[in-house]
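In what follows, a single structure is set out as structure tokens and then discussed.
The values are calculated or read from the model by the stated rules, or taken from the named source; none is laboratory data. Treat the numbers as computed from the prediction; the structure is a model and nothing was measured. Because the Cβ atoms are built from the backbone with ideal geometry, glycine has one as well, and the counts that use them run over all protein chains shown. Each accessible area value is taken on the protein alone, full model and side chains, heavy atoms only, with ligands, DNA and RNA left out. Shrake-Rupley method; radii C 1.70, N 1.55, O 1.52, S 1.80 Å.
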Amino acid sequence: QVQLVESGGGLVQPGGSLRLSCAASGSIFTIPIMGWYRQAPGKERELVAELTSSGITTYADAVKGRFTISRANAKNTVYLQMNSLKPEDTAVYFCHAAKISDYWGQGTQVTVSS
């Protein structure tokens, strides 16, 4: 069983930055894949970025070059650094862990607006 708690969301102006954090209940060292998804109003949940335990990253085309996913195994935490934010990045962002089963956090709201 893995419990995930996201933090770091909020309101930011276009062009600004935010860093999301996802704290896991236990060691993330043994979790093969951790990532971030987002869901905007009226849209399906979509992959934003994911990171394997071996360090392989995957990004959605819409965020390549702007977002960076990283993990701090000693802190059992995964981060999503989001730069050059756009209004279309507005969504609820969910942390995800894939370890035999899928685990999700409760989500954190990111709003990009002037």
- [ ] Say whether the condition of being at pLDDT 95 or above and surrounded by fewer than 17 Cβ atoms within 10 Å (Cβ to Cβ) is met by at least one residue in segment 90-98.
- [x] no
Open item on the list: Looking at segment 69-90, I want the residues that are under 23 Å from residue 33 (Cβ atoms) and have a partner that is assigned to a helix (DSSP H, G or I) and not β-branched (Val, Ile, Thr) with Cβ atoms under 9 Å, at least 6 apart or on another chain. Which pairs are those?
Closed with: 82/89; 89/62
Open item on the list: Looking at 20, 85, 80, can you tell me which residue is out of contact with any His (no Cβ under 7 Å at 6 or more places or on another chain), farther than 16 Å from residue 6 by Cβ and either open to solvent by 20 Å² or more (accessible area, probe 1.4 Å) or not in a helix (DSSP H, G or I) (or both)?
Closed with: 85
TODO: Return a yes/no flag: does segment 47-59 have any residue that is over 14 Å from the mean Cα position of the chain (by Cα) and modelled with pLDDT of 95 or more.
DONE: yes
Task: Tabulated pairs, segment 92-114, first at positive phi, second open to solvent by less than 20 Å² (accessible area, probe 1.4 Å) and in a strand (DSSP E or B), C-beta under 7 angstrom, 6+ apart or interchain - done: 107/6; 107/93
